[in-house]
1. Please work out which residue is nearest to Ser78 (Cα to Cα), limiting yourself to the stretch 1-47 and to residues that are open to solvent by 80 Å² or more (accessible area, probe 1.4 Å) and charged (D, E, K, R).
2. Looking at (1) more than 16 Å from the chain's Cα centre (by Cα); (2) under 18 Å from Asp64 (Cα atoms), find the lone condition where Met90 falls short.
3. Every residue in the stretch 72-87 that is open to solvent by less than 60 Å² (accessible area, probe 1.4 Å) and more than 16 Å from Tyr61 (Cα to Cα), please.
4. Identify all residues within the stretch 88-115 that are open to solvent by 30 Å² or more (accessible area, probe 1.4 Å), at pLDDT 95 or above and not charged (D, E, K, R); write none if there are none.
5. Run down Ser132, Ser92, Ser73 and say which single residue is touching a residue at least 12 places away in the same chain (Cβ under 8 Å) and in contact with a helix residue (DSSP H, G or I) (Cβ under 7 Å, 6 or more places away or on another chain).
6. If you take the residues in the stretch 71-101 that are outside any strand (DSSP E or B) and of a type in the set (Ser, Thr, Tyr), which one is nearest to Cys35 (Cα to Cα)?
7. Can you report the number of residues in the stretch 48-70 which are touching a Ser or Thr at 6+ places or on another chain (Cβ under 8 Å), outside any strand (DSSP E or B) and open to solvent by less than 50 Å² (accessible area, probe 1.4 Å)?
8. Inside the stretch 40-87, can you point out the residues that are under 15 Å from the mean Cα position of the chain (by Cα), of a type in the set (Asp, Glu) and at pLDDT below 95?
Amino acid sequence: QVQLVESGGGSVQAGGSLRLSCTASESGYTYRRYCMGWFRQAPGKEREAVAAMYTEGGTPYYADSVQGRFSISQDTISQDNAKKMVFLQMNSLKPEDTAMYYCAAELPLGGTWDRWRDFLYWGQGTQVTVSS
């Protein structure tokens, strides 16, 4: 069981930057590698993938709409407590980036990073609003 808590959302003008953080905690000593990702959902739209990467040095993946503007990174805080963090640095923000942003973790074998239904664990979301 992985618990996810996001932070860092807010309101910004177009062209500005925000950095989202997600802390993943897992009970028991289960130091392991898994996929963590960011998704977003605007009102009336389906949840869409933004970026993802495997912990411990994985290759990042990005949606075409954010390539070159967003950057995902990860850090393992404590191996004993299996606590990890994933960050989403968002630059050159556009009004169309406005959405609720969700952190996700654990992609079972056969899952793909850009399919939100494949991820097992989710945070509560953090709102990002970009004004023009």
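1. Arg33
2. (1)
3. Thr76, Ser78, Ala82, Lys84, Met85
4. Result: Gln89, Asn91, Ser92, Pro95, Thr98, Met100, Tyr102.
5. On the way: Ser92 fails: in contact with a helix residue (DSSP H, G or I) (Cβ under 7 Å, 6 or more places away or on another chain); Ser73 fails: in contact with a helix residue (DSSP H, G or I) (Cβ under 7 Å, 6 or more places away or on another chain).
Answer to the check: Ser132.
6. Across the stretch 71-101, the extreme among qualifying residues is Thr98.
7. Count: 2.
8. Within the stretch 40-87, Asp75 is the sole residue that qualifies.
The values are calculated or read from the model by the stated rules, or taken from the named source; none is laboratory data. On a predicted model such as this, the values are computed, not experimentally measured, just so you know. For neighbour counting, all protein chains shown are included, and Cβ atoms are generated from backbone atoms with ideal geometry for every residue, glycine included. Just so you know, the surface numbers come from the protein's heavy atoms only, side chains and all, with ligands and any DNA or RNA stripped out. Shrake-Rupley method; radii C 1.70, N 1.55, O 1.52, S 1.80 Å.
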